[in-house]
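Novice: Below is a structure I'd like to ask you about.
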Amino acid sequence: MKEKVQEVLELIRPSLQADGGDVELVDVDEDGVVKVKLTGACGGCPFALLTLQQGIERSIKERVPEVKKVVSV
């Protein structure tokens, strides 16, 4: 599952980088919880939570249905 999540993040990454940010995969646990770290401009952006929930989490869940939740660490 970790490889699938990483593939989705590679699809999302150009959009984040266009705004000066990025995302790093930290871990995927057996319960379907994905841990990511928002970096660059995304790390301190007031819209980071929205980006995480509406962008990153939604995209990952659409392509990797085993994922239950995406959290920022």
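Novice: What residue, among those in region 1-16 that are without any contact (Cβ under 8 Å) to a residue 12 or more places away in the chain and within 23 Å of C45 (Cα to Cα), is most open to solvent (accessible area, probe 1.4 Å)?
Specialist: Only one residue fits best here, namely E10.
Novice: In region 44-70, how many residues are among the aliphatic types (A, V, I, L, M) and loosely packed, with under 13 Cβ neighbours inside 10 Å?
Specialist: So the answer is 2.
Novice: Quick one: A41 ticks every box in (1) more than 20 Å from R63 (Cβ to Cβ); (2) out of contact with any Ser or Thr (no Cβ under 9 Å at 6 or more places or on another chain); (3) loosely packed, with under 13 Cβ neighbours inside 10 Å; (4) of a type outside the set (S, T, Y) except a single one, so which number is it?
Specialist: (3)
Novice: Yes or no: region 58-68 includes at least one residue that is assigned to a helix (DSSP H, G or I), under 11 Å from the mean Cα position of the chain (by Cα) and free of Cβ contacts under 8 Å to residues at least 24 places away in the same chain.
Specialist: Taking region 58-68 and keeping what is assigned to a helix (DSSP H, G or I), we get 58-63.
Narrowing the set further to residues that are under 11 Å from the mean Cα position of the chain (by Cα) leaves 58-61.
Restricting the remaining residues to those that are free of Cβ contacts under 8 Å to residues at least 24 places away in the same chain gives 58, 61.
Yes, because at least one residue in region 58-68 is assigned to a helix (DSSP H, G or I), under 11 Å from the mean Cα position of the chain (by Cα) and free of Cβ contacts under 8 Å to residues at least 24 places away in the same chain.
Novice: Can you find a residue in region 17-40 that is part of a helix (DSSP H, G or I) and in contact (Cβ under 8 Å) with a residue 24 or more places away in the chain?
Specialist: Our first condition is that a residue be part of a helix (DSSP H, G or I); within region 17-40, this holds for 17-18.
Restricting the remaining residues to those that are in contact (Cβ under 8 Å) with a residue 24 or more places away in the chain gives none.
There is no residue in region 17-40 that is part of a helix (DSSP H, G or I) and in contact (Cβ under 8 Å) with a residue 24 or more places away in the chain.
The values are calculated or read from the model by the stated rules, or taken from the named source; none is laboratory data. All of these numbers come straight from a predicted model, not from anything done at the bench. Because the Cβ atoms are built from the backbone with ideal geometry, glycine has one as well, and the counts that use them run over all protein chains shown. Heads up: the accessible areas ignore ligands, DNA and RNA and are worked out on the full protein's heavy atoms, side chains in. Shrake-Rupley method; radii C 1.70, N 1.55, O 1.52, S 1.80 Å.
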